[in-house]
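Chemist: I'd like to ask you about the structure that follows.
A short reminder: the numbers here are calculations on the coordinates, not readings from a lab. Keep in mind that what you see is a predicted model, and the values were worked out from it rather than measured. Heads up, the Cβs are rebuilt from the backbone with ideal geometry, glycines too, and the neighbour counts pull from every protein chain shown.
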Amino acid sequence: MIAKIKQDLPASIVVFLVALPLCLGVALASGAPLISGLIAGIIGGIVVGSLSGSQTSVSGPAAGLAAVVLSSITQLGAFDVFLLAVVLAGVIQLIAGAAKTGFIANYIPSNVIKGLLAAIGIILILKQIPHAVGYDADPENDFSFIQSDGENTFSELLNIFSYFSIGAIIISAISLLMLIYWDKTPMRKFKFFPASLFVVILGIVMNQVFAQFAPSLYISASHLVSIPKIEGINSIITFPAFEAITNYKVWVVAFTVAIIASLETLLNLEAVDNIDPHKRQSPPNRELLAQGAGNVLSGLIGGIPITSVIVRSSVNIHSGAKTKASAILHGVFLLVSVLLLSPLMNQIPLASLAAILLVTGYKLAKVSLFKEMYKKGWNQFIPFVATILAIVFTDLLIGIVIGMVISIFFLLKSNYKNPFTLENEKLYIGETVRLELSDEVSFLNKARIKDALWAIPENGRVIIDASFSTFIDNDVLEIIQDFKSTVAVERKIQVNIIGLKDKYALDDHIQFVNILDKEAQDKLSPDEILDLLKKGNERFINGKWSEKYFRHQVNATSFGQNPMAVVVSCIDSRTSPELIFDSGIGDLLSIRIAGNIINKEIIGSLELACSKIGTKLIVVLGHSNCGAVNAAVSSLKEGNIHSVTEKIEKAIVQCGCSRDEITEESGKLNTVIRQNVYNSIDEIIDGSTYLRKQLENKQISIVPAFYDTVSGRVVFHRDELETDTAASAVKANLN
């Protein structure tokens with residue numbers, strides 16, 4: 001707690017110094033008494049800061065409400081009548097918070113929030129440049145493009161060439177250098193003494209030096225902070241005119257203030273959480289309650305409306321604040337300054353505060369932020385830039401609305417383009433189109449899905465997979481129903497519909513199963529079978545397993561089998577051929593024996609597979625880190641284990657290296673494993689006249705393969721096996 005206070009206290013001083021002229025500036029721009037801005041700042045700090053759940057947000061009078069306040073006071077005819085509207089607005093916010101309407105903050109896109117932050121940064125830079133050079137005609141808290149004095153942001157910049165103060169330029173320039181290079185000075189060791197506080201004190205001292213030794217550089221009172229003189233309690237507090245409560249105009253203003261203040265607060269809250277280095281989440285409903293309480297009290301004692309303010313909050317975060325103690329303390333300092341310290345506060349040059357805000361503005365609108373958003377693509381970058389331009393050239397709320405509209409446009413466009421993924425799958429039964437629906441499928445996706453389904457060729461096959469969809473609009477379900485019951489029937493398209501939830505009016509629909517019948521088995525060549533195994537392994541590696549419909553496969557294969565390949569593999573639990581080749585029931589014959597060794601029974605099984613069952617491809621599959629080969633290297637021969645390890649011994653001898661080398665080097669172990677595969681192929685070819693003739697006639701193929709237990713990948717080493725040198729040819733090709 002003490003460590004946090006050490007960071008919160010100096011941060012609160014910096015926020016107080018920045019908030020002081022801003023409170024006065026927004027009151028001036030609102031046409032309200034100057035003291036009303038300070039009252040709102042004090043309550044925003046102490047009351048709202050205490051009640052809020054945000055650790056970094058700072059509340060007070062905001063520029064976004066200045067025009068509303070000015071027009072409302074004019075419309076209602078008296079400031080005390082307007083104060084009643086502020087009280088009622090606070091009550092409305094309390095009701096909104098209790099009704100938990102703060103959820104709308106969750107629907108503000110991050111590109112709009114980041115655009116808001118960058119826009120505020122750019123506006124701070126543009127608006128503070130005149131104050132930095134001593135041209136202070138524009139109120140400190142006027143952030144709108146069109147200013148109340150008839151100027152705009154850019155014309156105000158042009159005016160600085162006619163009106164500027166050399167003394168202010170010197171103070172702001174030195175202040176900027178100190179803020180930028182603070183971490184390279186000895187002062188950085190004083191963690192309790194931030195750079196922002198130093199430049200404020202430096203500005204006061206420098207101006208006093210100018211007064212004594214260089215009067216031409218002295219900054220006059222018009223370029224300093226100006227706290228109004230307090231002449232008694234009556235000059236501070238103004239009570240609302242409760243007798244005007246029946247005036248409908250008061251209620252219109254109250255609702256207007258409540259809606260705008262709440263929206264601005266929720267937007268700022270999201271933005272502040274976005275730049276919080278600890279990424280804490282502020283409860284929006286509690287914030288509405290806190291703001292409501294603050295506005296009720298502010299209206300009761302003469303203050304203008306309060307919202308969460310992004311400028312002060314940004315300064316708070318960049319000054320190192322850790323908890324909401326900083327926001328509360330800044331309110332305490334405002335109160336003390338009004339009552340006791342106005343002579344000292346009125347010595348602060350606005351140029352010093354401008355330097356602080358210029359640095360804050362740069363931190364909010366760094367070039368790196370623009371690069372980051374650009375890398376995310378046009379659908380993120382364009383709404384981001386549009387939000388910035390709209391806020392810079394209008395005001396915060398209008399800019400946010402424009403940014404939201406453009407962001408929603410890109411969202412709708414994205415939904416129209418990406419309601420599904422479409423790919424062609426080469427399954428055992430032939431080419432199949434797979435249409436996988438996205439998580440949310442709305443009526444906006446209707447046209448794209450219809451175009452994709454109606455483009456399926458005659459006699460084709462299509463799988464419509466809704467397994468990952470949590471919502472499918474009824475319009476889309478009708479399109480799928482029409483396709484299934486009419487279009488597919490007329491064009492002889494086989495349709496599988498899977499993954500539909502029970503709540504939908506449409507049920508799963510299966511017309512074809514990915515299994516091999518006799519006709520499909522006869523058509524496949526050994527090369528095509530090998531290609532199918534490779535594709536199956538790719539799906540296994542990438543986690544894109546084909547839909548198996550096991551229950552339907554059981555029924556479809558109950559009267560016979562037509563497998564395409566027989567795999568001789570190890571008994572290792574990690575090397576199940578059906579899994580690593582993404583195969584279904586009836587697709588593969590699997591012979592599993594330790595070390596994929598060969599005996600007469602296995603050769604007989606292979607002859608049966610090829611001559612009677614119609615299999616055209618034999619795969620001998622070894623794998624990395626094989627336990628049986630390791631046992632052979634370790635000369636393990638207990639019990640009947642020797643019947644396995646003795647067959648592998650030949651591969652160990654062929655390696656030409658010691659057993660220790662094989663044990664210590666995985667590369668040499670894999671060499672032995674591969675050699676053992678080649679030896680197994682030798683035994684198959686040497687031990688079967690039938691299989692040799694089938695190989696010579698190219699009716700079947702035999703291929704060695706190696707499975708990597710780390711990556712899941714199977715590497716095939718293929719050659720047509722003929723004559724007595726067949727095994728040697730395979731081995732030569734492998735090497």
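Chemist: If amide hydrogens are placed 1.01 Å from N in the peptide plane, which non-local residues have theirs closer than 5 Å to the one on S590?
Modeler: For S590, whose amide H was placed from the backbone, the distant partners under 5 Å are V567.
Chemist: Viscosity 1.306 mPa s, temperature 10 °C: Stokes-Einstein D of segment 647-721 from its Kirkwood Cα radius, in µm² per second?
Modeler: Answer, rounded: 114 µm²/s.
Chemist: For segment 294-376, evaluate the Debye formula with one uniform point scatterer on each Cα (no solvent term) and list log10 I(q)/I(0) at q = 0.14, 0.15, 0.23 Å⁻¹, rounded to two decimals.
Modeler: Here log10 of I(q) over I(0) equals -0.71, -0.79, -1.29.
Chemist: Continuing with the same structure: Given a cut-off of under 8 Å on Cα pairs at least six residues apart, what relative contact order in percent is computed for the chain?
Modeler: Relative contact order, the chain: 15 percent.
Chemist: Evaluate segment 2-404: find the radius of gyration of its Cα atoms, find its Kirkwood radius, and give the ratio Rg to Rh.
Modeler: 0.95
Chemist: Could you put S590, S216 in order, starting from the residue whose Cβ has the fewest other Cβ atoms within 10 Å?
Modeler: S216, S590
Chemist: Strictly over 24 Å apart at the Cα level, which of K6/K100; K114/K279; K647/K668; K100/K376 would you flag in this model?
Modeler: With Cα atoms farther than 24 Å apart: K6/K100; K100/K376.
Chemist: Whole-Hz Karplus ³J(HN,Hα) for segment 299-311, in order, using 6.51 cos²θ - 1.76 cosθ + 1.60 and θ = phi - 60°, x for Gly and Pro?
Modeler: Those phi angles translate into x, 5, 10, x, x, 7, x, 10, 9, 5, 10, 5, 5 Hz.
Chemist: While we're on this one: Roughly what % of DSSP beta bridges within the chain run antiparallel, to the nearest 5?
Modeler: So the antiparallel bridges amount to about 35 percent of the total.
Chemist: Once phi is turned into θ = phi - 60°, what whole-Hz ³J(HN,Hα) does the Karplus curve with 6.51, -1.76 and 1.60 give for every residue of segment 517-534, x standing for Gly and Pro?
Modeler: 8, 4, 5, 5, 5, 5, 6, 6, 8, x, 5, 5, 5, 4, 5, 5, 5, 5
Chemist: What Kirkwood hydrodynamic radius, in Å, does segment 206-296 give when the mean of 1/r is taken over all pairs of distinct Cα atoms and then inverted?
Modeler: Taking every pair of different Cα atoms in segment 206-296, averaging 1/r and inverting gives 18.2 Å.
Chemist: Continuing with the same structure: Could you pull the Cα extents of the chain along its three principal axes, largest to smallest, in whole Å?
Modeler: Projected onto its principal axes, the Cα set of the chain covers 117, 67, 48 Å.
Chemist: With 10 angstrom as the radius, rank L158, L300 by how many other C-beta atoms surround their C-beta, starting from the fewest.
Modeler: Lowest to highest Cβ neighbour count: L158, L300.
Chemist: Could you name the lysines in cross-link range of K523, using Cα to Cα under 20 Å and dropping any fewer than eight places away on the same chain?
Modeler: K426, K534, K535, K612, K616, K698
Chemist: How large is the charge dipole for the chain, taken about the Cα centre, if only the Cβ atoms of Lys, Arg (+1) and Asp, Glu (-1) carry charge, to the nearest 20 debye?
Modeler: Using Cβ point charges on Lys, Arg, Asp and Glu, the chain gives about 1320 debye.
Chemist: Oh, and also: Across segment 90-96, in residue order, what do the Karplus-derived ³J(HN,Hα) couplings come to in whole Hz, using 6.51 cos²θ - 1.76 cosθ + 1.60 with θ = phi - 60° and x for Gly and Pro?
Modeler: x, 5, 4, 5, 4, 5, 4
Chemist: Can you pull the percent of Cα pairs in segment 244-348 with separation above 23 Å?
Modeler: 39 percent
Chemist: Over the Cα atoms, compute the radius of gyration (one decimal) and Dmax (the largest Cα-Cα distance, rounded to a whole number) for segment 328-401, in Å.
Modeler: When restricted to the Cα atoms of segment 328-401, Rg and Dmax are 18.6, 54 Å.
Chemist: Give the long-range amide H neighbours of L224: residues separated by 5 or more places, or on another chain, with amide H under 5 Å away, using H modelled in the peptide plane at 1.01 Å from N.
Modeler: Distant-sequence amide H within range of L224: L350.
Chemist: If you line up the long axis of helix 350-364 against the longest principal axis of the chain, both from Cα atoms, how many degrees apart are they, to the nearest 10?
Modeler: 10 degrees
Chemist: While we're here: Can you sort E649, E683, E287 from fewest to most other Cβ atoms within 10 Å of each residue's own Cβ?
Modeler: E649, E683, E287
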